[in-house]
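The values are calculated or read from the model by the stated rules, or taken from the named source; none is laboratory data. Just so we're clear, the structure is a prediction, and the values are computed from it rather than from any experiment. Counting neighbours? That spans all protein chains shown, and the Cβs are built from the backbone with ideal geometry, glycine included. All accessible areas refer to the heavy atoms of the entire protein, side chains included, with ligands and DNA or RNA removed. Shrake-Rupley method; radii C 1.70, N 1.55, O 1.52, S 1.80 Å.
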Amino acid sequence: MTKHGARGYTAVELMLALSVLAVGSAGIITMERVTAQATRHAKALTTATRIAEGWIDQLVADSDKWKVGETEAANYASTDWIVQQSRPDWFRPEYVGARAWGAAFDMNGSPQRLPSVNTVFCSDIRFKWLYPSVASSTQGGGLLRAEVRVYWSRTSVPDLRIPLGDNPCSWTALNVTSPEGLKAYHFVYMTTALLQHDQ
């Protein structure tokens, strides 16, 4: 009876096995990186959507103060943001201390006073008349369409903290949707209607 010696792996077999392992590992690492990026984007998208919804709620609450007055100026005297309804395009709303709400938000969606190095999300609003404001309740109430946009940098680092130069609120409201702005930011838009109330 002949005993055969144990046969080992050849260098070629070993190299092939290592190559298959390397290709598989590279694929797994790439997949993990793509998954992490998708998760970060999903988190940012959810936060931006919540901010936009918060803005809609704030504007609806602001419309409760939009009353029919004796003059056009009196109609808006008590409002925080609707008073700027005559602006023709997007504008950056001011921070209102009594509401603790404004244009800038940190990575968790908490409002920030500008300027703030913690700003990750910025928001602008725009009004358009659907039915003009009135000075007499016998005419019914005015109706405004309110649009909100929330945006954040495409170049944010993994934890969503971004360099001050990439602060989205450092851009003017009108330039955000320029070709450069469209390449620089992600956007979420939301719209509602605001009704003028009787006294």
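Give me the residue from region 71-123 that is open to solvent by less than 30 Å² (accessible area, probe 1.4 Å) and of a type in the set (S, T, N, Q) and, out of that set, farthest from ILE56 (Cα to Cα).
Filtering region 71-123 for residues that are open to solvent by less than 30 Å² (accessible area, probe 1.4 Å) and of a type in the set (S, T, N, Q), the one farthest from ILE56 (Cα to Cα) comes out as SER116.
Mind checking which residues of region 77-95 are closer than 15 Å to LYS128 by Cα and not small (Gly, Ala, Ser)?
So in region 77-95, the residues closer than 15 Å to LYS128 by Cα come out as 81-91.
Answer for region 77-95, where residues must be closer than 15 Å to LYS128 by Cα and not small (Gly, Ala, Ser): TRP81, ILE82, VAL83, GLN84, GLN85, ARG87, PRO88, ASP89, TRP90, PHE91.
Does region 14-33 include one or more residues that are under 30 Å from GLY109 (Cβ atoms), of a type in the set (Ser, Thr, Tyr) and free of Cβ contacts under 8 Å to residues at least 60 places away in the same chain?
no
Of the conditions (1) open to solvent by less than 50 Å² (accessible area, probe 1.4 Å); (2) over 18 Å from ALA193 (Cα atoms), ALA52 satisfies every one except a single condition; which number is it?
(2)
Checking the condition open to solvent by 20 Å² or more (accessible area, probe 1.4 Å) and modelled with pLDDT of 85 or more, which residue from PRO179, PRO158, PRO168 passes? Full working, then the answer.
Numbers: PRO158 fails: modelled with pLDDT of 85 or more; PRO168 fails: open to solvent by 20 Å² or more (accessible area, probe 1.4 Å).
On inspection, the qualifying residue turns out to be PRO179.
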